[in-house]
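Here is the structure we will look at.
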Amino acid sequence: MARRPRSQTRVKSGGQRPARLFVYGTLRDAERLAAVIGAASAWRQLGAATIRGRLYDLGPYPAARPGRNPSERVRGVVFEFADGAAALLPLDEYEETVATGLYARRRTRARLAAGRTLAAWFYVYRRPVRGLPRIASGDWSQRR
């Protein structure tokens, strides 16, 4: 596979590399995502994707934990933000990623529906999952 020149991997907005985010719960809705990040950041949806892991039902929102078993997948969507990781700061606040918050932003490998695998951030649940209902399908939109 031919590698693109470095200049082609950059975006026009400030010359930064774009940041990718895999979302699996309430932020899968593009309107909600836009409301959280505001109009200042340019972004686009790359498409449906999965990551290795397990998904749990917390009631009004889900919790994902990374996994090693390739058959256990969390289903979601990957978005790309032209302003780099700085564009993710409002999302960090939304996901309560402060030191004692529910989630932490971590790196993962997301596999797009078309088969391409790429590096992306995702929000991992920090609290114990023992006793939480597991969403066996890995898809928050099909939890009930």
Practice task
Note down all Cβ pairs under 6 Å where the first residue falls in segment 22-35 and is closer than 10 Å to residue 140 by Cβ and surrounded by 14 or more Cβ atoms within 10 Å (Cβ to Cβ), the second is aromatic (Phe, Trp, Tyr) and at pLDDT 85 or above, and they're at least six residues apart or on different chains.
Solution key: 24/140; 25/61; 25/140; 26/61
Problem - Meets criteria (surrounded by fewer than 16 Cβ atoms within 10 Å (Cβ to Cβ), touching a helix residue (DSSP H, G or I) at 6+ places or on another chain (Cβ under 8 Å) and in a loop (DSSP other than H, G, I, E, B)) for residue 17 - result: yes
Problem - Residue satisfying all of: in segment 88-102; within 12 Å of the chain's Cα centre (by Cα) and more than 19 Å from residue 46 (Cα to Cα); surrounded by the fewest Cβ atoms within 10 Å (Cβ to Cβ) among these - result: 92
Completion exercise
Taking segment 86-117 and keeping residues more than 17 Å from residue 53 (Cβ to Cβ), part of a loop (DSSP other than H, G, I, E, B) and in contact with a Leu (Cβ under 8 Å, 6 or more places away or on another chain) leaves 96
Practice task
Restrict the check to segment 40-47 and report whether at least one residue is farther than 24 Å from residue 90 by Cβ and either touching a helix residue (DSSP H, G or I) at 6+ places or on another chain (Cβ under 6 Å) or at pLDDT 85 or above (or both).
Solution key: no
Handout entry: In segment 20-59, the residues that are of a type in the set (Asp, Glu) and not in a strand (DSSP E or B)
Key = 29, 31
Fill in the blank from the handout: Taking segment 76-85 and keeping residues in contact with a Leu (Cβ under 8 Å, 6 or more places away or on another chain) and among the charged types (D, E, K, R) leaves 80
Completion exercise
Picked from segment 54-87 (must be among the hydroxyl-bearing types (Ser, Thr, Tyr) and surrounded by 15 or more Cβ atoms within 10 Å (Cβ to Cβ)), the residue nearest to residue 19 (Cα to Cα) is 61
Problem - Extreme residue, surrounded by the fewest Cβ atoms within 10 Å (Cβ to Cβ), among residues of segment 104-135 that are free of Cβ contacts under 8 Å to residues at least 24 places away in the same chain and touching a Lys or Arg at 6+ places or on another chain (Cβ under 9 Å) - result: 117
Problem - residue 30 at pLDDT 95 or above and of a type in the set (A, V, I, L, M, F, W, C) - result: no
Problem - Looking only at segment 97-118, and only at residues there that are aliphatic (A, V, I, L, M) and closer than 14 Å to residue 66 by Cβ, the one that is modelled with the lowest pLDDT - result: 104
Problem - Hey, residue 97 more than 13 Å from residue 25 (Cα to Cα), in contact (Cβ under 8 Å) with a residue 12 or more places away in the chain and of a type in the set (Ser, Thr, Tyr) or not - result: yes
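The values are calculated or read from the model by the stated rules, or taken from the named source; none is laboratory data. None of these values were measured; they are calculated from a predicted model. Positions of Cβ are backbone-derived with ideal geometry, glycine not excepted, and every protein chain shown enters the neighbour counts.
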